[in-house]
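What follows is one structure encoded as structure tokens, with my remarks underneath.
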Amino acid sequence: MKLAMIAALLLLTPSALLAQAVTSTAANTQQARDSQEETGDPNRMVCRNEKTTGSRLGRQRICMTAQQWADQQRIDRQAVERSQAGRYKND
């Protein structure tokens with residue numbers, strides 16, 4: 001019984017570490033892309049392919065200036081923070 005548990009643990013550990021590494025790499029790539037877009041001319045056009053909600057294959061190309069992307073990111077972050085702050089109110 002103990003041997004089976006140890007074997008299962010050894011088999012699952014590499015896949016969990018790999019999943020964590022992939023997630024970490026994807027997050028770092030997104031942060032690098034965002035930081036590159038924030039530097040430079042705020043009026044240059046930046047286009048992104050965004051997934052269409054409710055579709056497995058649908059993507060929509062959205063083009064805005066770097067400043068507009070930064071403003072949209074700030075607005076989205078504020079909305080999430082407001083939503084999370086409201087969750088923990090003690091009324």
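Rule-based calculations on the coordinates, nothing more; no lab input. All values derive from a computational prediction rather than experimental measurement. Don't worry about glycine lacking a Cβ; one is built from the backbone with ideal geometry, like all the others, and counts go over all protein chains shown.
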By the mean-Cβ-within-10 Å protection proxy, highest first, 70-78, 51-59 rank as 70-78, 51-59
Among V80, V46, which comes first, second and so on when ranked by fewest other beta-carbon atoms within 10 Å?
V80, V46
Taking every Cα atom in the stretch 40-91, find the radius of gyration and the maximum pairwise distance Dmax, and write them in Å.
15.5, 46
